[in-house]
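Since the structure comes first, as structure tokens, the remarks are kept for the end.
Only the coordinates and a few stated rules stand behind these numbers; no lab work does. Bear in mind the structure is a predicted one, so any value in this text is a computation, not a measurement. Ideal geometry is used to build each Cβ from the backbone, glycine not excepted, and the neighbour counts take in all protein chains shown.
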């Protein structure tokens, strides 16, 4: 037997959705099924509005996050523009000496990316 029963399965019992349907149809009992459909449409509209609010909140958070990251990248680019090329090279060599495994993985990923870009242009 099914565990999810509504008020229509057993008269006199109710579930949370059964109560909502019953209360919405009581207000318009003289109209028959039209009241239940109106109640369901109202519930769906409220749910859609709640989801819309959640989506706009998450979109706002994402916008703030992206703005922060763009600012960080912009600062790094300014640092790179003002830095001496030999200093950047020396920093890269020091990093590779301290972290050889990561340096190899970064080099492989960069090579793969460049290969995909070059291959995509052909």
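Couple of notes before you dig in:
- Taking all pairs of distinct alpha-carbon atoms in region 30-122, Kirkwood radius in angstrom: 19.2 Å
- Span from the region 35-96 Cα centroid across to the region 97-117 one, whole angstrom: 26 Å
- Calculated FRET efficiency, residue 75 to residue 113, Cβ-Cβ distance, R0 = 25 Å: about 0.60 to the nearest 0.05.
- Segment residue 86-residue 40, length gained on full extension (0.36 nm per residue, minus Cα span): 9.7 nm
- The residue 103 and residue 62 beta-carbon pair, evaluated with R₀ = 41 Å, returns a calculated FRET efficiency of approximately 0.80.
- Calculated on C-alpha atoms, the gyration radius of region 68-110 divided by its Kirkwood radius gives an Rg/Rh of 1.06.
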